[in-house]
Every structure is written in structure tokens, then in C-alpha cells.
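Working notes for the structure below.
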Amino acid sequence: QRATGNDEALNTARERFAKGEINADEFASLKEELAGNQAEQASTSRPSGMGFGPFSGWGRERALDIARMRLAKGEITAEEFATVKKTLEA
């Protein structure tokens, strides 16, 4: 699991809050969503040698990292992120 200071998506959310792009409530909600996903992702991660295809093992983690960044940047909503996450888990 990454340390909070090294979480690129969370750092992006912090920057957006500092720039005034999102308010305190939006930041708190985004922070909660990102932290919850990061903890879940760390507890379910598998070595890259397990499974095949782009969304198995580390490929799935990379795809989730991309989705987390898109959420942090405001490119997708929390609902859209949940759909991406659910699809990757299927």
C-alpha cells in the first residue's frame, strides 16, 4: 500500500482544493472515495503472474490507478468511477 504522501490521485485532489477548483465538502468526499478505494485495492492486490489479460494482477491495479486519477481530476464522477471499478472486478 502506498503512503498517503505518495498517492498521486490524492495529491491531485489536494491541489484542486488549494486552487479553489473544489470546495471543502467536495474535497472531503473525494478524499474519502480515494482512500476507501486505495485500502480495498491494497488488500486485494495480486502478483502480476496470477491470471491473464490486461485487468488481472497488476494490470487491474494500473487501470484502477488511472480511474482514480480521472476521479481526482474531476474527469469522471464518483458514480462513473464505481462503474469502472465494478467492470474491472468482473
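For the reader, a short list of remarks on this structure follows.
- Residue pairs whose Cβ atoms lie under 7 Å apart, sitting 6 or more positions apart in sequence or on different chains, and linking a residue in the range 75-90 that is closer than 18 Å to Thr12 by Cα to a partner that is part of a helix (DSSP H, G or I) and among the basic types (Lys, Arg), are Ile76/Arg70.
- Residue count for the range 55-90 under the criterion of being among the aliphatic types (A, V, I, L, M), in a loop (DSSP other than H, G, I, E, B) and open to solvent by less than 60 Å² (accessible area, probe 1.4 Å): the result is 1.
- Residue in the range 25-42 that is among the acidic types (Asp, Glu), modelled with pLDDT of 95 or more and open to solvent by 70 Å² or more (accessible area, probe 1.4 Å) present: yes
The values are calculated or read from the model by the stated rules, or taken from the named source; none is laboratory data. Note that the structure is a prediction, hence the values are computed from the model and not measured. So basically every Cβ, Gly included, is an ideal-geometry build from the backbone, and we count neighbours across all protein chains shown. SASA here: full protein model, heavy atoms, side chains in, ligands and nucleic acids out. Shrake-Rupley method; radii C 1.70, N 1.55, O 1.52, S 1.80 Å.
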